[in-house]
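Notes follow once the structure below has been shown.
The values are calculated or read from the model by the stated rules, or taken from the named source; none is laboratory data. Bear in mind that the values here come from a model prediction, so they are computed numbers and not experimental data. When we count neighbours, we look across all protein chains shown, and the Cβ atoms used for this are built from the backbone with ideal geometry, even at glycine.
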Amino acid sequence: MQDISIHIYFVKAVLEHVAKCGYEPETLLRRSRISPRLLHEQHARVSAEQYAKLQTVTMREMGDEMLGYCHQPFRLGQWSALCHWLIQCKTLGQALKRFCLFYNLLDKTLLPRLQASGDVATLEIRLANPASAPLEPYAYELFTFSLHRQMCWLTRTNLPIRQVQLPYSEPAHSHEYRPLFVGAPVLFDTDCCRLVFERTLLEKPVQQTPDDLVDFLRRPLYNTLVNSYRSKSWSQRVKDVIGNDLSDLPTFADIANALDLNPKKLRRLLNEEGIGYSNLKTQLRRDLAIYHLSTRKSSIEEIAFKTGFSEASAFIRAFKGWTGVTPMTYRKDLS
């Protein structure tokens, strides 16, 4: 998949603190080619490219890489400087230790600490001042997601998380945590934020080079979102078999055969991951449609065909069900 789609909650979260800094949310949205009317649609989504652009624009305007969510701003260039330090590491364990040291030296709002015991390693993220006001969920979502994807990029592997612990109650958008935390079980209302994983992962070698980092930092937020080290869950393997051409979908039996599985067993494996084949196809169509609409390179009729619809009218009805607006309105608002 060339792109993924991002739930409107995360768009709203990026903009949560811009007004008090004197910026108009609508201006930032339009600079990022996101329709302001999508903020009023509960199930709307945007492309990863649009979301990354909004993050970039908003961080630059606010001068804060944590978008106002921490008690002190994280100055621009901080994450890039960290990347340049981590790229010199030999193993993931060394990179994580440097990551923790970096933020402890800054003595900012969030203080990470790496612990290892038995076969488990835990990255614990606590507040620098325990008596300070608790942070909003997006602070932890942004910090932990960026950390995990940064480590995936360094090692060129998808790093499975054994468990995620979060110090707040389960939010309404928790269904979006599956891709956020690569399917790991999530516990809420814990005493602090923790990412728990296998200790053996600390031995993984860092495989990126300083030259790779130069390319990565050209579009860091977008590359973090769509890195190619995604979880090889059965749903992801099915998506890989299908590919980007949804105009001529293989049959489920063909997909199962490509994965060397009995169709009945593949259905069971997908159900165990909490997604049926029908819903998986819907996600693929939705994300591909949003991608093509945001790039403006194809007509509505062409996008309908590319996403597997025989008629544009059926595609228009489906898209409005996914986002709350028609494809024409979605595209018009990007002008």
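Listing for the model above:
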quantity	calculated
Qualifying position, being closer than 22 Å to residue 11 by Cβ and either in a loop (DSSP other than H, G, I, E, B) or without any contact (Cβ under 8 Å) to a residue 12 or more places away in the chain (or both), among 131, 139, 172	172
The listed residue being at pLDDT 90 or above and either in the same structural domain as residue 319 (by TED's automatic domain parsing) or of a type in the set (A, V, I, L, M, F, W, C) (or both), out of 66, 1	66
Single residue of the range 260-278 satisfying the filter (free of Cβ contacts under 8 Å to residues at least 24 places away in the same chain and not in a helix (DSSP H, G or I)) that is surrounded by the most Cβ atoms within 10 Å (Cβ to Cβ)	261
So residue 206, is it closer than 12 Å to residue 154 by Cα and in contact (Cβ under 8 Å) with a residue 24 or more places away in the chain	yes
Tally of residues being part of a helix (DSSP H, G or I) and over 17 Å from residue 49 (Cα atoms) across the range 291-322	18
Hits in the range 300-325 (condition: of a type in the set (S, T, N, Q), surrounded by fewer than 16 Cβ atoms within 10 Å (Cβ to Cβ) and modelled with pLDDT under 90)	310
Matching entry among 169, 235 (being modelled with pLDDT of 95 or more and small (Gly, Ala, Ser))	169
Residues being part of a loop (DSSP other than H, G, I, E, B), of a type in the set (Lys, Arg) and over 23 Å from residue 25 (Cα atoms) - total across the range 47-99	1
Residue within the range 53-65 that is out of contact with any Leu (no Cβ under 7 Å at 6 or more places or on another chain), without any contact (Cβ under 8 Å) to a residue 12 or more places away in the chain, more than 18 Å from residue 217 (Cα to Cα) and among the aliphatic types (A, V, I, L, M) present	no
